[in-house]
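The values are calculated or read from the model by the stated rules, or taken from the named source; none is laboratory data. All values derive from a computational prediction rather than experimental measurement. Cβ placement follows ideal geometry from the backbone for every residue including glycine, while neighbour counts extend to all protein chains displayed.
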Amino acid sequence: MPDSEKPGNLEEQLRRLRIKKAGKGLENLEGLLRKVDPADRTGLDPRDVEATLRLVNSRVPLPKGCYHIDFGVTITPGGVLKIEAGTQIYLGPSAYILSAGSLIAHETEFVPSEPDVGWGNITLTGGEASGSILEHCTIKGGRGRQFIQGSEYFEAFPPEDIPACGTRGGALLIVDAKPTIRHCVIADSEAYSYGGGVALYFSDAVLEDNEITGNSAQWGGGMEICESDPALIRNIIKENVAVLSGGGINICPQSRPTLEENKIMYNKATGLEGGAGLGGGLYLSGETCRPVLVRNTIVGNIAIMGGGMYVLASNITKVAGNTIEGNKPDNIMRARTP
């Protein structure tokens, strides 16, 4: 058998031939696809990607590969999308992932194909999305999704419409679900409204050993927590920016998150001309905001008021062993509602 026809060389031939879309090139590609054992392929044929991912309503494995998508991926209740480790997914401006089923990804990169424009985000919503697991993933360049609290309405908007509509959860939006997010990098994303990196609503999600960095929003540059009781363990939340409050994390009323052994560092709440800029590291809002804060490091954050933490009438459930120092202009500022 000539070397060019040996199975070990067929994938290289496929890569060369996939750029041909007509005539003899396409015929050769189809012939090679028939020859290659499916177990030896590094990804779906590009012609099959959209058909496979646009609507996932059963258990669908996505083989390891490099994929470019510019459409919405929807996982319905009962659907499972399991992405093989080592996969790269480049997302165009019209792309998003909306999962009401399970999204399972290990060592997967979700990155924008046009970094200056970005893409939507990953949204996990509803009880069946609680089976979702993201581990050792990289999620970058998201621009969020509109979510009207108290409704089932979600929408993705083209970039030019975002200022009028507002978005939440730049990279990751979790609503009424309890997924597990571990060892992920969530970076360089923005939401026009809440949660530049991550936004949680009615969620008891588990976030462990993640790095949330370089994100921005009006409220909650790194993360927004609203009416949620998540567990945040050993995360690094750094260099995020909020305009109004919560450079690192913005925690709203009716939330009881557990923050343990996190490093919340070098975040900013910049403020608008004449006001705001509250809580460079953390912003805690309202009497029903009752976090547990244990052995966290909150250092080097900057705000107009409450560089490390701004506490607005919050009833902190437990405080123990935290390091809160080196924040500007102050480490903690407490305020009461009128």
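I'm trying to understand the selection: among the residues of the range 285-331, which are of a type in the set (Gly, Ala, Ser) and at pLDDT 95 or above?
Listed by number, the residues that qualify are Gly300, Ala303, Gly306, Gly307, Gly308, Ala320, Gly321, Gly326.
Could we say that Gly281 is touching a Gly at 6+ places or on another chain (Cβ under 7 Å) and either surrounded by fewer than 17 Cβ atoms within 10 Å (Cβ to Cβ) or of a type outside the set (D, E, K, R) (or both) here? Yes.
Being farther than 14 Å from Val73 by Cβ and touching a helix residue (DSSP H, G or I) at 6+ places or on another chain (Cβ under 8 Å) is the requirement here; does Gly131 meet it? Taking the combined requirement at face value, the residue does not satisfy it. Filtering the range 182-204 to residues that are assigned to a loop (DSSP other than H, G, I, E, B) and buried (at least 24 other Cβ atoms within 10 Å of the Cβ) leaves Cys184, Ser189, Ala191, Gly195, Gly196, Gly197, Ser203. Within the range 87-111, the only residue that satisfies the criterion of being over 16 Å from the mean Cα position of the chain (by Cα) and either hydrophobic (A, V, I, L, M, F, W, C) or over 21 Å from Asp188 (Cα atoms) (or both) is Gly101. Here Lys263 does not qualify as surrounded by fewer than 24 Cβ atoms within 10 Å (Cβ to Cβ) and in contact with a Phe, Trp or Tyr (Cβ under 7 Å, 6 or more places away or on another chain). Screening Arg336 on (1) surrounded by fewer than 21 Cβ atoms within 10 Å (Cβ to Cβ); (2) touching a Phe, Trp or Tyr at 6+ places or on another chain (Cβ under 8 Å); (3) not hydrophobic (A, V, I, L, M, F, W, C) shows it passes everything except condition (2).
What number of residues in the range 205-226 are among the small types (Gly, Ala, Ser), in a strand (DSSP E or B) and surrounded by 24 or more Cβ atoms within 10 Å (Cβ to Cβ)?
Kept after step one, since they are among the small types (Gly, Ala, Ser), are these residues of the range 205-226: 205, 214, 216-217, 220-222.
Going one step further and asking which of them are in a strand (DSSP E or B), we end up with 216-217.
Those still in the list that are surrounded by 24 or more Cβ atoms within 10 Å (Cβ to Cβ) too: 217.
Looking only at that region, the number is 1.
Arg334 is checked against (1) at pLDDT 95 or above; (2) in a strand (DSSP E or B) and fails just one. What number does that condition carry? Among (1) at pLDDT 95 or above; (2) in a strand (DSSP E or B), the lone unmet condition for Arg334 is (1). Please specify each residue of the range 264-287 satisfying the condition of being touching a residue at least 24 places away in the same chain (Cβ under 8 Å) and acidic (Asp, Glu). Once the filter is applied, which keeps residues that are touching a residue at least 24 places away in the same chain (Cβ under 8 Å) and acidic (Asp, Glu), the range 264-287 yields only Glu287.
So is Gly118 farther than 22 Å from Tyr194 by Cα, small (Gly, Ala, Ser) and either modelled with pLDDT of 95 or more or surrounded by fewer than 22 Cβ atoms within 10 Å (Cβ to Cβ) (or both) or not? For Gly118, the condition - farther than 22 Å from Tyr194 by Cα, small (Gly, Ala, Ser) and either modelled with pLDDT of 95 or more or surrounded by fewer than 22 Cβ atoms within 10 Å (Cβ to Cβ) (or both) - is not met.
With respect to being surrounded by fewer than 20 Cβ atoms within 10 Å (Cβ to Cβ), touching a Ser or Thr at 6+ places or on another chain (Cβ under 7 Å) and either modelled with pLDDT of 95 or more or under 26 Å from Ile304 (Cβ atoms) (or both), Arg256 fits the description. When the range 72-99 is examined, which residues are found to be in contact with an Asp or Glu (Cβ under 6 Å, 6 or more places away or on another chain), among the hydrophobic types (A, V, I, L, M, F, W, C) and closer than 19 Å to Gly169 by Cα? Scanning the range 72-99 gives a single hit, Ala95.
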